[in-house]
Amino acid sequence: MTCTVIVGGFFGDEGKGKIVSYLAIKDNPKIAVRGGVGPNAGHTVVFKGTESKLRMLPSALINEKTKLMIGAGVLVDPNVLMREIAQFNVGNRVTIDKQCGIIEEKHIEKDRSDAYLKGKIGTTGTGCGPANVERIMRIARLSKDVPSLSNYIGDVSFLVNDALSRGETVHVEGTQGTYISLYHGTYPFVTTKDVTASAICADVGIGPKAVNNVLIVFKAYVTRVGAGELPGELSEQEAEKKGWLERATVTGRTRRSAPFNYELAKRAVMLNSANQIAITKFDILFPAAKNLRDFSLLPAEAKKMVENIENGIKIPVSIISTGADAEATIDRRKELGLI
Ligand code: IMP
Ligand code: MG
């Protein structure tokens with residue numbers, strides 16, 4: 001296995017951080033590189049009892065041997081990035097592409113004060129939209145022009161392609177989710193770029209032929225923050241009763257929720273050319289699955305759901321997350337012949 005792209009199949013917050021952190025420990029990638037929009041993403045990683053929240057750095061950081069990179073298509077907020085580098089003490093293994101767009105204070109202010117963005121769309125208020133506008137206008141500053149970032153600047157697309165040409169393992173981390181893609185999502189209630197697998201590759205600077213696996217991540221139920229349609233949406237009371245009521249990592253807002261949606265999942269697999277599925281929060285749906293690592297020990301109804309997904313969507317469920325910790329994971333890739 002060389003190049004795996006990990007993408008979100010619903011509206012973001014599918015638990016990609018958890019899946020990516022497990023894969024980082026298990027597959028020992030030489031490089032983990034982030035695509036996606038920017039610090040509007042929030043990933044939660046739990047490893048050996050310690051919880052980390054990340055907005056800029058790849059979630060693979062729990063593997064100390066993995067180089068951590070950010071692709072040219074990703075917006076960088078230098079304040080958020082420098083804070084994370086200091087917090088996790090990873091400065092010696094971080095490279096940011098020289099051509100990342102930069103989020104400035106004025107972008108954050110605009111995102112938070114604009115009646116349409118704040119009121120109608122319900123953005124994360126992290127400045128991503130206004131910064132991408134300036135990028136498109138070709139007036140945005142780039143990472144290579146920011147002195148505080150100078151120690152971390154490099155040619156990420158070259159480094160990634162070079163590692164791939166030597167047969168090294170590279171994990172490409174997507175952020176957000178298919179249905180908040182600017183092109184394929186529930187417009188206008190979407191983020192400010194495409195975020196499907198091909199866009200994540202473009203962010204990093206690799207073409208479709210470089211990719212061996214597209215692993216799409218679905219939560220066992222669907223959640224969404226901000227406005228926009230959510231088929232089968234539950235009331236907050238119903239969600240709370242089921243244990244599905246979550247709070248957003250970046251904004252602290254309550255996430256709206258709905259049952260697993262086979263139609264959305266099937267279309268997301270198509271849009272991403274996914275060849276395998278990871279399901280997260282399986283222990284929330286099936287408490288008896290909590291922290292299990294062996295598929296055969298799952299309760300019958302949980303196995304049935306996996307079977308239904310595989311029959312309905314026609315690609316294998318290779319990874320099942322049964323708890324927040326990176327190690328609470330059922331990995332079926334070997335038995336399915338995927339590694
Ligand atoms: P923006 O990307 O901050 O402009 O927000 C646009 C929409 O995308 C809002 O509904 C946000 O809640 C949503 N969004 C952006 N990034 C994420 C994410 O990482 N997870 C979940 N929702 C997101
Ligand atoms: Mg998130």
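The values are calculated or read from the model by the stated rules, or taken from the named source; none is laboratory data. Everything numeric in this text was worked out from a predicted model, so none of it was measured. Please note: Cβ atoms are built from the backbone with ideal geometry, for glycine as well, and neighbour counts cover all protein chains shown. Side chains included, ligands, DNA and RNA excluded: accessible areas come from the protein's heavy atoms. Shrake-Rupley method; radii C 1.70, N 1.55, O 1.52, S 1.80 Å.
Structure values in brief
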| read-out | value |
| --- | --- |
| Residue in the range 66-78 that is within 16 Å of ligand 2 (Cβ to nearest atom), touching a strand residue (DSSP E or B) at 6+ places or on another chain (Cβ under 6 Å), over 23 Å from residue 140 (Cβ atoms) and open to solvent by 10 Å² or more (accessible area, probe 1.4 Å) present | no |
| Filtered residue count, the range 140-172, keeping only those that are assigned to a helix (DSSP H, G or I), under 20 Å from residue 202 (Cα atoms) and of a type outside the set (Ser, Thr, Tyr) | 9 |
| Identity of the residue in the range 1-25, within 16 Å of ligand 2 (Cβ to nearest atom) and among the aliphatic types (A, V, I, L, M), that ends up surrounded by the fewest Cβ atoms within 10 Å (Cβ to Cβ) | 19 |
| Identity of the residue in the range 296-327, of a type in the set (A, V, I, L, M, F, W, C) and open to solvent by 40 Å² or more (accessible area, probe 1.4 Å), that ends up farthest from residue 23 (Cα to Cα) | 300 |
| Residue count for the range 138-194, restricted to those that are small (Gly, Ala, Ser) and surrounded by 15 or more Cβ atoms within 10 Å (Cβ to Cβ) | 9 |
| Residue in the range 26-44 that is open to solvent by 20 Å² or more (accessible area, probe 1.4 Å), modelled with pLDDT under 95 and either within 24 Å of residue 319 (Cβ to Cβ) or not charged (D, E, K, R) (or both) present | yes |
| Every pair of residues 6+ apart whose Cβ atoms lie under 8 Å, when the first sits in the range 201-214 and is over 18 Å from residue 73 (Cα atoms) while the second is in a helix (DSSP H, G or I) | 214/197; 214/272 |
| Residue within the range 28-41 that is within 26 Å of residue 293 (Cβ to Cβ) and within 14 Å of ligand 2 (Cβ to nearest atom) present | no |
